[in-house]
Amino acid sequence: MKRSDNRLSDRWTKDNYEKSISSKAWYGTPYGGGWTELAVREGLPEDGELKEIFLEEVRLGEVPDWARRFAEVYLNEPWLPYCGHYTFPNMLLQTVTCIGKEQVSTEEMTARCYRVDPERRELLARYLFCMDAWLKGADEEHLVEKFRGLGWSERNWEMIAGNIYDALGERDEDKVLLLRRIMHRQRWWLRALFWTDDKPLDERLGYYYGKTYLDKEGQTRVDEYMAEFEDPEVVQLEAEIRRRFGDANKWLSMIQSTWLCGPKAFRYLERQLLHVGNKSLSLSPAVLDRSILMCEDTYPQKEYRARWYRAFRWALDSWLEGKGVVESDEFDPDVVHKVAELLGSTTPAKHWLARLLRHKLDLYEKHSGFDKVVSVRS
């Protein structure tokens, strides 16, 4: 097994810390830029757990190359998204699997930012089909006939289409303009977000992607979030929205701030439809809680996420303390056993990485909104 010589001093100083691999695992938190003014304000120098993690790395002497790569790349976004990903808890299960096996398997690490499976993209396309029908003035009865010919059977598309038409209400120029912008954004995800075995660019669709980058695997990818804003049609649509609406920036922020890989992408789309239908950004919870797309099965429920995560943290703590499997009436035993099984026997490098993971999750909860994913109160 290849190893990288660490040769760190055990003095807890800025210079020594920033030479460490432990300093590279914090993207998405205030520590992400190193020992910066922001990190100092947020307590990095006094962070006792971080110091112990640093010292644990020093004691390793040499860090295996796989562990270095995992800490520097795969404990960060996009591989450890703090939104939780729509496949939660896969992001955490896949992370501990790699630690337990002491190897990185990118084919198995699918729960990452801007990765969406074909079924989810197809579901979005069908929602957009219904929205497009309203946009083009199609009669609901004609739409129902289309459904019969298409053979879409996994959901009640007749009811979903009726809900969409009802939510949007009567067509007018303002609604059409806003919905066109929403649909362009949503269609962008169909051609920009792919699964692990898909090609990242598909010029067969007839699109030119000018804004690209090399990802951490050396693969050319579309700048998934920002590139769409430069599309000439988008520039024109947004200019018209700014001309028509006094609160245009709020509308555009709502429309732009979408991610198909996010846990509640379709729930958010439902709310967009309700805002457009009412031509208002200030709607009561009673209005916004309406089920339009019948998409409750597309995201993990709060109670499940919170219960699963509590058991995961209990199992991770127990493993780090060398206790193995510790059952408790408070925590789901299946989760506890699964986490312990995936982590396997303890090695110094695995212990150090698992400790990095635990502290990364602490910082995600404190600073990055991950608490909303794993708390029943969110």
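Do we have Ala227 as at pLDDT below 95, aliphatic (A, V, I, L, M) and either in the same structural domain as Gly162 (by TED's automatic domain parsing) or surrounded by 18 or more Cβ atoms within 10 Å (Cβ to Cβ) (or both) here?
It is true that Ala227 is at pLDDT below 95, aliphatic (A, V, I, L, M) and either in the same structural domain as Gly162 (by TED's automatic domain parsing) or surrounded by 18 or more Cβ atoms within 10 Å (Cβ to Cβ) (or both).
Mind checking which helices (runs of 4 or more DSSP H) fall wholly inside the range 294-378 and carry at least 3 residues that are touching a Ser or Thr at 6+ places or on another chain (Cβ under 9 Å) and in the same structural domain as Ile21 (by TED's automatic domain parsing)?
302-320, 333-343, 348-363
Here's a check for you: in the range 184-208, which residue that is at pLDDT 80 or above and among the aliphatic types (A, V, I, L, M) is farthest from Tyr86 (Cα to Cα)?
Leu205
Scan (1) modelled with pLDDT of 95 or more; (2) of a type outside the set (Ser, Thr, Tyr); (3) assigned to a helix (DSSP H, G or I); (4) farther than 23 Å from Asn90 by Cα for the single condition Leu281 breaks and write down its number.
Leu281 satisfies all of (1) modelled with pLDDT of 95 or more; (2) of a type outside the set (Ser, Thr, Tyr); (3) assigned to a helix (DSSP H, G or I); (4) farther than 23 Å from Asn90 by Cα except (3).
Condition check ((1) within 19 Å of Gly28 (Cβ to Cβ); (2) of a type outside the set (Phe, Trp, Tyr); (3) touching a helix residue (DSSP H, G or I) at 6+ places or on another chain (Cβ under 6 Å)) across all residues:
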site: Leu44; (1), (2), (3): yes, yes, no
site: Glu52; (1), (2), (3): no, yes, no
site: Arg59; (1), (2), (3): no, yes, no
site: Pro78; (1), (2), (3): yes, yes, no
site: Pro89; (1), (2), (3): yes, yes, yes
site: Cys98; (1), (2), (3): yes, yes, no
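How many residues are assigned to a strand (DSSP E or B) and farther than 16 Å from Leu260 by Cα when one looks only at the range 178-214?
Number of matching residues: 3.
Give the number of residues within the range 67-89 that are over 30 Å from Ala265 (Cα atoms) and either touching an Asp or Glu at 6+ places or on another chain (Cβ under 6 Å) or among the charged types (D, E, K, R) (or both).
2
Do we find that Glu217 is among the acidic types (Asp, Glu), outside any strand (DSSP E or B) and crowded, with 16+ Cβ neighbours inside 10 Å in this structure?
So Glu217 does not fit the description; no.
Just one of the numbered conditions (1) among the charged types (D, E, K, R); (2) more than 18 Å from Gly137 (Cα to Cα); (3) touching a residue at least 12 places away in the same chain (Cβ under 8 Å) is not true of Glu158; which one?
Single failed check for Glu158: (2).
Can you tell me which residues in the range 121-151 are over 27 Å from Glu238 (Cα atoms) and either under 28 Å from the mean Cα position of the chain (by Cα) or without any contact (Cβ under 8 Å) to a residue 24 or more places away in the chain (or both)?
Asp139, Glu141, His142, Leu143, Val144, Glu145, Lys146, Phe147, Arg148, Gly149, Leu150, Gly151
Here are some residues: Asp202, Asp247. Which one is closer than 20 Å to Arg121 by Cβ and surrounded by fewer than 18 Cβ atoms within 10 Å (Cβ to Cβ)?
That would be Asp202, the only listed residue that is closer than 20 Å to Arg121 by Cβ and surrounded by fewer than 18 Cβ atoms within 10 Å (Cβ to Cβ).
Among the residues of the range 59-69, is any crowded, with 21+ Cβ neighbours inside 10 Å and closer than 23 Å to Glu321 by Cβ?
Within the range 59-69, one or more residues are crowded, with 21+ Cβ neighbours inside 10 Å and closer than 23 Å to Glu321 by Cβ.
Quick one: would you say Glu233 is within 24 Å of His85 (Cα to Cα) and either out of contact with any strand residue (DSSP E or B) (no Cβ under 6 Å at 6 or more places or on another chain) or not in a helix (DSSP H, G or I) (or both)?
Against the criterion (within 24 Å of His85 (Cα to Cα) and either out of contact with any strand residue (DSSP E or B) (no Cβ under 6 Å at 6 or more places or on another chain) or not in a helix (DSSP H, G or I) (or both)), Glu233 does not qualify.
List every residue pair whose Cβ atoms lie under 7 Å apart, where the two residues are 6 or more positions apart in sequence or sit on different chains, the first residue falls within the range 13-24 and is within 17 Å of Glu46 (Cα to Cα), and the second residue, located anywhere, is of a type in the set (Val, Ile, Thr).
So the pair list comes out as Ser22/Ile53.
The values are calculated or read from the model by the stated rules, or taken from the named source; none is laboratory data. On a predicted model such as this, the values are computed, not experimentally measured, just so you know. Cβ: placed from backbone, ideal geometry, glycine included. Neighbour counts: every protein chain shown.
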